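Colleague: Next up is a structure, given as structure tokens.
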Amino acid sequence: MVRAVLFDLFETLITESRTRPAGVSSLGPALGCDRAAFRAQWKALRPAVMVGRISFRQALSDIATSLGGHADEDTLQRMTDERIRVKSEPFEHIEDQILAMIGALRSRNLRLGLISNAFAEDVAAWPGCALAPSFDCAIFSCDVGLAKPHREIYLEAVRRLQVDAADTWFIGDGLHDELQGAEQAGLRPFRALWFLRRWPHFRDEPCGVASLASVEEVLAAIDESTGSSDR
């Protein structure tokens, strides 16, 4: 029986489909760097930023320095502040359907958690958003030094929720092989489609796990699993 639900964050509980922020590689020219060269070095450093081994700001500085650019302190601070601002916008507009789903899951006495691969700047707005009080744990890769699909990040979440992996569902959009990682850690994974369908690049292709097209399907699946279909 399901006792806990773990969620991905971006494109599962919040969405950037409205704001569609530019990628980090677009910052290269403003730092005096060739865009392609900047993109290659950012791709190499990004995993270290994701797990908190280096800050976003330091990564920009190191890349600019190595490429002969100009990473002055004012520019780096402006870019860091802009990253926080843009990434905070989705937290300010939690959709009613998501709030209703989380409230319904809480009413079913389920433990709730989230796991997100994120830079510290990306989740700076989490503590003040409308969802935060409803979650029993929130694990961010930049804080724990691990990223999905590493098995241990899922197991850390179930430990914090004080449940067994076998009694835990993981719901996410599927980026970073997170669904396969959840399954390998013993959780039951589901692919969330409700926000993905808003993106022009979306393709509903088989991914090896069950998909949930709407938040209503989440609740229906939970009730079927717990034998509460008449709720």
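Colleague: In 5 Å bins starting at 0, how do the alpha-carbon pair distances of region 1-44 split up by percent?
Modeller: Cα pair-distance distribution for region 1-44, in percent: 5, 17, 16, 12, 13, 14, 9, 6, 4, 3, 1, 0.
Colleague: Also, I was wondering about something else. Which whole-number percentage describes the relative contact order of the chain, with Cα contacts under 8 Å and a sequence gap of 6 or more? Show your work: numbers first, answer last.
Modeller: Values: 360 pairs, mean separation 58.5, N = 231.
Dividing the mean separation by the residue count of the chain yields 25 percent.
Colleague: On average, how much area does the Cα convex hull of the chain cover when viewed from any direction, in nm²? Walk me through the numbers on the way to the answer.
Modeller: Values: hull surface 50.4 nm².
Quarter of the Cα hull surface area: 12.6 nm².
Colleague: Where the Cα atoms of region 24-89 are projected onto their three principal axes, how long is each span, largest first, in whole Å?
Modeller: So the extents along the principal axes, rounded to whole Å, are 31, 24, 18.
Colleague: Output wanted: per-residue J couplings in Hz (rounded whole) for region 106-115, from phi through Karplus 6.51 cos²θ - 1.76 cosθ + 1.60, θ = phi - 60°, x for Gly and Pro.
Modeller: 4, 5, 8, 6, 8, 6, 10, x, 9, 10
Colleague: Per-residue ellipticity at 222 nm for the chain, helices alone: DSSP H runs ≥ 4 residues times -39500 (n - 2.57), over residue total, nearest 500 deg cm²/dmol? Don't jump to the answer; show the numbers that get you there.
Modeller: On the way: 8 runs with 89 residues, N = 231.
Helix-only estimate at 222 nm: -11500 deg cm²/dmol.
Colleague: Compute the Cα gyration tensor for region 90-208, then decide on rounded, prolate or oblate, letting a ≥ b ≥ c be the square roots of its eigenvalues: rounded whenever a/c is under 1.5, prolate when a/b is larger than b/c in the other cases, and oblate in all that remain.
Modeller: Details: a/c = 1.20, a/b = 1.02, b/c = 1.18.
Rounded, since a/c falls under 1.5.
Read the figures in this text as sums done on the coordinates, not as results from a lab. Owing to the predicted nature of the structure, the values given are computational and were not obtained by experimental measurement.
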